[in-house]
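Worksheet: the structure to be examined is printed underneath.
The values are calculated or read from the model by the stated rules, or taken from the named source; none is laboratory data. Small disclaimer: the values here were computed from a predicted structure and weren't measured. With ideal geometry, Cβ positions are generated from the backbone for all residues, glycine too; neighbour counts draw on all protein chains shown.
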Amino acid sequence: MTIIGRLRCRNRALVSSLQPAVESESACIKSRSRWKRLCAGEEGSTLVENVLVIFFLLTPTLLGIFSVSMALVSYQQLGNATMVATQTVAAGRGIITDPCARIASTVTTMLPGWNPFHFTYTISILSTSNGTNTLNTYGPYTGSTAATCTAGGTALTGATGSTNGNPLTVQISYQYNWFPIFGKATLGTLKQQASLFVN
């Protein structure tokens, strides 16, 4: 009886030591069957559908947010360049002989990565001669080489009708591509304007 008792004790010890291994193998089998169900069953098709929906909805949304953000940054940069060009010309009465060329060179210098052929400039100078006010408008000029108006230098010199000087208005627009990957299909226009009194 003692031998049978010993064998029973050893058998119990052996079974109890093998039980964790059996449980872990059972968990592994359950995990494998879950992956099979994911890949082949309803759960798998739901997973694939979710991935596709996220890709086709989230990607255009993120591209749109990025594009609008870049357009706002570009709009702000164009506004700064327009104001600096207007200040430069307004302070150059009697010195600047070609205000259109000066505005074009100032803008293209301040925005070096921009295409100079996509700019369009319009300059308005109110000049006074013998008590008569005349509004001189130059442009629209497109591109940096086309922006020249030597007659504007004379109008700029005569822009001293009031105590503060006469107004000078500069309007600059730029042909902007919202989504460069789509080519010319998404072209738009960024437009800025600044007005100052000629000193």
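Inside the range 93-115, can you point out the residues that are surrounded by fewer than 17 Cβ atoms within 10 Å (Cβ to Cβ) and closer than 11 Å to L156 by Cβ? Give the derivation first.
Applying the first criterion (surrounded by fewer than 17 Cβ atoms within 10 Å (Cβ to Cβ)) to the range 93-115 yields 94-95, 97, 105, 109-110, 112-113, 115.
Passing the criteria: G94, I95, T97.
Would you point out which residue out of S129, S105 is within 20 Å of Q192 (Cα to Cα) and not aliphatic (A, V, I, L, M)? Give the steps one after another, and end with the answer.
Numbers: S129 fails: within 20 Å of Q192 (Cα to Cα).
The match here is S105.
Look through the range 111-145, keep the residues that are more than 16 Å from V170 (Cα to Cα) and among the aromatic types (F, W, Y), and return whichever of them is nearest to the chain's Cα centre (by Cα). I'd like the intermediate steps shown before the answer.
Initial filter on the range 111-145 (more than 16 Å from V170 (Cα to Cα)): 111-118, 128-134, 145.
Filter again for among the aromatic types (F, W, Y), leaving 114, 117.
Values: W114: 13, F117: 20 Å.
For the range 111-145, the residue satisfying everything is W114.
Cβ-Cβ distance below 9 Å, separation of 6 or more or different chains: which pairs start in the range 56-71 with a residue that is within 16 Å of L187 (Cα to Cα) and surrounded by 11 or more Cβ atoms within 10 Å (Cβ to Cβ) and end on one that is modelled with pLDDT of 85 or more and of a type outside the set (D, E)?
Close Cβ pairs satisfying both conditions: A71/Y176; A71/G188; A71/L190.
Give all pairs with beta carbons closer than 6 Å in which a residue from the range 146-165 that is buried (at least 16 other Cβ atoms within 10 Å of the Cβ) and at pLDDT 80 or above meets a residue that is outside any loop (DSSP other than H, G, I, E, B) and hydrophobic (A, V, I, L, M, F, W, C); count only pairs at least 6 apart in sequence or on separate chains.
C149/C100; G152/C100; A155/I125; L156/I125
Based on what the data block shows, is Y138 without any contact (Cβ under 8 Å) to a residue 40 or more places away in the chain and crowded, with 16+ Cβ neighbours inside 10 Å? Break it down stepwise before answering.
Details: without any contact (Cβ under 8 Å) to a residue 40 or more places away in the chain: yes; crowded, with 16+ Cβ neighbours inside 10 Å: yes.
Judged against the criteria, Y138 is a match.
Name the residue that is farthest from N166 (Cα to Cα), counting only residues in the range 102-129 that are part of a strand (DSSP E or B), of a type in the set (S, T, N, Q) and modelled with pLDDT of 90 or more.
Quick first cut of the range 102-129, residues part of a strand (DSSP E or B) only: 119-129.
Right, trim to of a type in the set (S, T, N, Q) and you get 120, 122, 124, 127-129.
From what's left, modelled with pLDDT of 90 or more: 120, 122, 124.
On the way: T120: 23, T122: 17, S124: 11 Å.
Across the range 102-129, the extreme among qualifying residues is T120.
Return only the number of the condition from (1) at pLDDT below 90; (2) crowded, with 19+ Cβ neighbours inside 10 Å that A85 does not satisfy.
Only one criterion in (1) at pLDDT below 90; (2) crowded, with 19+ Cβ neighbours inside 10 Å is unmet by A85, namely (1).
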